[in-house]
Amino acid sequence: MTTEVPQSLIDEVLTAVGSTPDRLLQILVGLQSRLDYLPPALISRLAARLGIARARVEGVAGFYSFLHLAPAGRYRVRFSDNIVDRMLGSEALSEAMCARLGVRPGELSEDGRVMISTTSCTGMGDQGPALLVNDRAIGRLDPQRVSEICDLILHDTPLAAWPPELFAIDDNIRRADALLTSHLAPGSALAAAMALGREGWLAQVQASRLRGRGGAGFTTAVKWLACRDAPGERKVVVCNADEGEPGTFKDRVLLHRHAELVFEGMTLAAWATGAREGFLYLRGEYAWLRPRLEAVLAARRAAGLLGAGILGATGFDFDIAIHLGAGAYVCGEETSLLESLEGKRGTPRIRPPFPVTHGYLGHPTVVNNVETLAKTCLIARDGGAAFAASGTAQSAGTKLLSISGDCARPGVYEYPFGVSIQQVLDDCGAVDVLAVQVGGASGVTIAPYEFHRRIAFEDVPSAGAFMVFDSSRDIFEVARNFVHFFAHESCGFCTPCRVGTALLKGYMDKLADGHGALQDLADIDWLDRLLKNASHCGLGSSAPNPVVDTLLKFRPAYERRIQHADFQPAFDLDGALARAREMTGRDDAGAHLDSGTGVIR
């Protein structure tokens with residue numbers, strides 16, 4: 001592909017998505033969709049056009065894994081690399097595709113046609129193994145389906161002409177409760193809230209005791225009140241749809257089947273706070289959902305549910321735009337998300353100040369999870385007291401769980417808070433269970449003696465992931481996969497996380513390779529304390545969780561990998577000199593190192 005980029009193409013994208021620096025990420029996403037990658041000439045022209053430093057444009061492009069500064073092929077294939085997809089055979093399928101297409105993992109094919117790599121999670125754990133081809137998702141992979149995909153690529157078949165059944169994605173709703181069984185007409189929840197007035201509506205949200213469903217569990221009414229009362233006329237509502245935690249896919253289902261509830265919930269937040277603009281931050285792995293979501297937004301505008309004078313109320317002006325992410329797990333953290341929304345690298349901010357007072361472009365901003373916003377529609381319909389009547393004393397309402405792994409019926413399950421882990425396992429058909437990972441990689445590992453515990457903020461909180469592992473699994477390898485995930489997804493901003501996650505990965509790999517020693521377990525414990533106390537954001541502080549949990553509850557899985565009581569180097573010094581011996585023609589004793597002491601014999 002030529003590096004010449006016509007100015008008309010840049011102008012076309014700027015006209016479509018905006019021409020201010022805060023739109024930089026959306027501009028880069030739009031340009032790459034037309035060019036397949038972002039050539040140097042484009043970076044330079046775009047920087048000049050936006051009036052910003054070239055280093056900023058290149059820095060943003062280099063931060064997001066779905067953006068490419070070098071040719072990446074007409075077909076960019078990314079296999080989901082989370083532990084559940086691996087358990088289902090994704091590695092073997094990826095190797096088969098690479099062999100068939102004659103390409104090495106992570107490298108561009110010689111003809112420039114295809115690149116095959118991995119992404120941390122596609123949000124398809126209920127129907128894996130899965131992959132993305134450009135911005136389209138394909139699940140339920142098997143050798144036959146992989147062969148069919150290879151044929152299409154080898155014949156240069158445009159993605160639009162691929163068989164539609166390849167892209168069929170199931171919702172897999174296995175148990176529905178208050179939210180998933182709701183059938184609210186568009187605008188009905190909003191009309192009910194508006195009839196209460198802004199203060200009356202906020203009072204109902206307070207009475208509901210609704211807490212954020214993104215995992216942190218912050219009280220929704222407190223957040224909305226703080227934003228409403230913060231100085232400044234411009235208020236913003238942001239829906240965090242960057243569902244990047246491995247093993248989580250409930251937001252995918254809500255956005256696909258109940259987008260009306262999500263957008264109505266955003267509008268309810270705007271009614272409470274006085275916000276006039278809203279953003280749905282959609283993870284790059286869910287780009288295939290965007291056309292459907294845009295259609296729902298257009299229908300709501302046509303029905304008077306978005307735009308100026310919503311439902312005829314003078315002064316109630318609010319609209320929503322979709323902002324597409326580009327492959328960065330850290331952007332699920334709300335301040336990283338705001339940085340990305342402003343067209344920057346997704347580096348977490350120092351707090352305080354908090355987003356409710358200094359959020360998007362410095363304006364008071366409410367950031368809520370997809371499920372949280374959808375739940376507000378139930379409060380508007382039934383009232384706060386009715387919502388609070390289910391669940392537990394500290395966890396009102398229901399919770400959606402994304403269940404995957406070793407079970408007969410993976411999918412989305414909705415339960416009132418307080419359901420036991422054993423009940424969930426029984427319902428999804430899990431038997432002979434060794435462990436459950438609740439809350440994703442950053443969550444908690446539950447052993448069989450804990451299956452009486454309950455899903456609730458006061459016991460086992462969860463953003464939604466619920467991964468099941470039976471007795472055939474190696475829990476050490478499960479933890480090692482999570483550690484690799486954190487090392488890959490660290491944004492690199494703070495040294496404790498950047499270096500600490502890499503060190504933790506090194507220790508786990510050392511144990512896996514048979515070089516482990518008891519001292520390594522002590523060093524892992526030291527790293528845990530360092531990361532928890534010194535990391536800038538939650539990614540670093542939660543990175544050791546799967547190792548610490550499994551060390552405590554499944555220590556034999558680690559001990560059987562320990563070959564030495566004292567330190568054992570993982571690096572083969574004598575082996576490193578093999579090339580030098582070959583070049584010099586020496587293989588006598590003096591050309592070797594003693595493996596125990598590292599000195600020349």
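The values are calculated or read from the model by the stated rules, or taken from the named source; none is laboratory data. Remember, predicted model here, so these are calculated numbers, not experimental data. Using ideal geometry, Cβ is built from the backbone for each residue, glycine included, and neighbour counts are taken over all protein chains shown.
General observations
- Filter pass, SER390 being polar (S, T, N, Q), in contact (Cβ under 8 Å) with a residue 40 or more places away in the chain and crowded, with 22+ Cβ neighbours inside 10 Å: no
- Verdict on ARG104 being free of Cβ contacts under 8 Å to residues at least 12 places away in the same chain and of a type in the set (Lys, Arg): yes
- Here ILE27 fits the description: surrounded by 14 or more Cβ atoms within 10 Å (Cβ to Cβ) and assigned to a helix (DSSP H, G or I).
- Test: residue in the range 366-378 that is in the same structural domain as PRO186 (by TED's automatic domain parsing), touching a strand residue (DSSP E or B) at 6+ places or on another chain (Cβ under 8 Å), β-branched (Val, Ile, Thr) and more than 17 Å from ASP251 (Cα to Cα): yes
- The residue that is surrounded by the fewest Cβ atoms within 10 Å (Cβ to Cβ), counting only those in the range 339-348 that are part of a loop (DSSP other than H, G, I, E, B) and in contact with a His (Cβ under 9 Å, 6 or more places away or on another chain), is THR347.
This table checks each residue for (1) in contact with a Lys or Arg (Cβ under 9 Å, 6 or more places away or on another chain); (2) over 30 Å from ALA487 (Cβ atoms); (3) crowded, with 22+ Cβ neighbours inside 10 Å; (4) at pLDDT below 95.
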residue: ILE116; (1), (2), (3), (4): yes, no, yes, no
residue: ARG136; (1), (2), (3), (4): no, no, no, no
residue: LEU141; (1), (2), (3), (4): no, no, yes, no
residue: GLU148; (1), (2), (3), (4): no, yes, no, no
residue: ILE153; (1), (2), (3), (4): yes, yes, yes, no
residue: ASP156; (1), (2), (3), (4): yes, yes, no, no
residue: TRP162; (1), (2), (3), (4): yes, yes, no, no
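- Put simply, of ASP85, ASP36 the only residue that is touching a Pro at 6+ places or on another chain (Cβ under 9 Å) and on the phi > 0 side of the Ramachandran plot is ASP36.
- Residue that is modelled with the highest pLDDT, among those in the range 349-378 that are surrounded by fewer than 24 Cβ atoms within 10 Å (Cβ to Cβ) and charged (D, E, K, R): ARG349
- In this structure, LYS510 qualifies as charged (D, E, K, R), modelled with pLDDT of 90 or more and touching a helix residue (DSSP H, G or I) at 6+ places or on another chain (Cβ under 7 Å).
- Flag: LEU132 matches the condition of being modelled with pLDDT of 95 or more and in contact with a Lys or Arg (Cβ under 7 Å, 6 or more places away or on another chain).
- Taken over the range 273-288, the criterion of being outside any helix (DSSP H, G or I), touching a strand residue (DSSP E or B) at 6+ places or on another chain (Cβ under 6 Å), touching a residue at least 60 places away in the same chain (Cβ under 8 Å) and within 30 Å of VAL77 (Cα to Cα) is satisfied by PHE279, TYR281.
- Scanning the range 424-443 for residues that are within 25 Å of ASP528 (Cα to Cα) and either among the acidic types (Asp, Glu) or at pLDDT 95 or above (or both) turns up LEU434, ALA435, VAL436, GLN437, VAL438.
- Only listed residue being acidic (Asp, Glu) and surrounded by fewer than 16 Cβ atoms within 10 Å (Cβ to Cβ), chosen from GLU264, GLU245, GLU294, GLU277: GLU294
- Set PHE486, PHE451, PHE466: member being aromatic (Phe, Trp, Tyr) and modelled with pLDDT under 95: PHE486
- Candidate set from the range 36-55 (those that are surrounded by 17 or more Cβ atoms within 10 Å (Cβ to Cβ) and assigned to a helix (DSSP H, G or I)); member that is farthest from the chain's Cα centre (by Cα): ARG45
- Residue count for the range 227-272, restricted to those that are closer than 25 Å to GLY125 by Cβ, part of a helix (DSSP H, G or I) and not charged (D, E, K, R): 8
- Those residues of the range 57-76 which are in contact (Cβ under 8 Å) with a residue 60 or more places away in the chain and under 24 Å from the mean Cα position of the chain (by Cα), in sequence order: GLY59, VAL60, PHE63, TYR64, SER65, PHE66, LEU67, TYR75
- Filtered by the rule that a residue be surrounded by fewer than 20 Cβ atoms within 10 Å (Cβ to Cβ) and part of a helix (DSSP H, G or I), the range 203-226 gives ALA203, GLN206, ALA207, VAL222, LEU225, ALA226.
- Only residues that are in contact with a strand residue (DSSP E or B) (Cβ under 8 Å, 6 or more places away or on another chain), modelled with pLDDT under 80 and not in a loop (DSSP other than H, G, I, E, B) were counted across the range 560-601, and they come to 6.
- First in the range 40-52 and assigned by TED's automatic domain parsing to the domain that holds ILE27 and at negative phi, second anywhere and surrounded by fewer than 18 Cβ atoms within 10 Å (Cβ to Cβ) and at pLDDT below 95, Cβ under 6 Å, 6 or more apart: ALA41/THR3
- The set of residues from the range 305-338 being part of a helix (DSSP H, G or I) and either buried (at least 22 other Cβ atoms within 10 Å of the Cβ) or touching a residue at least 12 places away in the same chain (Cβ under 8 Å) (or both) comprises ILE310, LEU311, TYR329, VAL330, CYS331, GLY332, GLU334, THR335, SER336, LEU337, LEU338.
- Selection count, the range 166-195, where residues are within 25 Å of ALA275 (Cα to Cα) and without any contact (Cβ under 8 Å) to a residue 60 or more places away in the chain: 2
- The single condition among (1) touching a residue at least 24 places away in the same chain (Cβ under 8 Å); (2) assigned to a helix (DSSP H, G or I); (3) under 29 Å from ARG76 (Cα atoms) that PRO291 does not satisfy is (1).
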